[in-house]
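None of the figures in this text is laboratory data; all of them are computed from the coordinates on show. The model shown is predicted, which means the values in this text are computed figures rather than measured ones. Cβ atoms come from the backbone with ideal geometry, glycine included; neighbour counts cover every protein chain shown.
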Amino acid sequence: MSESMEKKLAEAMAELTAVQDAVARAEEELGQASATVRSRDRAVEVTVGPQGELTALKFPDNRFQDMTGPQLAASVLEAVQEGRARMARRVMDVFEPLTRTTGGPTGLRGVDIDWDRAFGSALDGPDGGRRRSSARLHDEIHED
């Protein structure tokens, strides 16, 4: 193997290791992340974990007592959906730089991210089916 080829291989391995380390740091950071959201009517407060899972549900100031069942259900769903959306944006913001082509001399392609692993059921579309990650990213970019 020529010295030039060995140098390129060493650079590529160093880039790959750096990307793998960055992914591990991002996953660790997001593993402890959460979003806390109140419904617009302030009757419900939820906390959502990094995969969109509901981790806490509160009814501040007992405002729910004056609500009908359907009103309370709507407030819970609204808060949970907003919490999941915030966590999805946060996850995508953390990982987005890693999906681009690295700027290094090897021109390595960005990391392919398993959005199902990152988001869990938060990727479910309105019909209950999974949305493609690239379509989800496209939607998030256009919503901002």
Förster-model FRET efficiency, 22 Å R0, THR17 and ASP114, C-beta, rounded to 0.05: 0.65
Förster radius 25 Å - calculated FRET efficiency between GLN65 and ARG86 (Cβ-Cβ, nearest 0.05): 0.35
No solvent, one uniform scatterer per C-alpha: report log10 I(q)/I(0) for segment 1-99 via the Debye equation at q = 0.10, 0.23, 0.25 1/Å, two decimals. -0.44, -1.06, -1.16
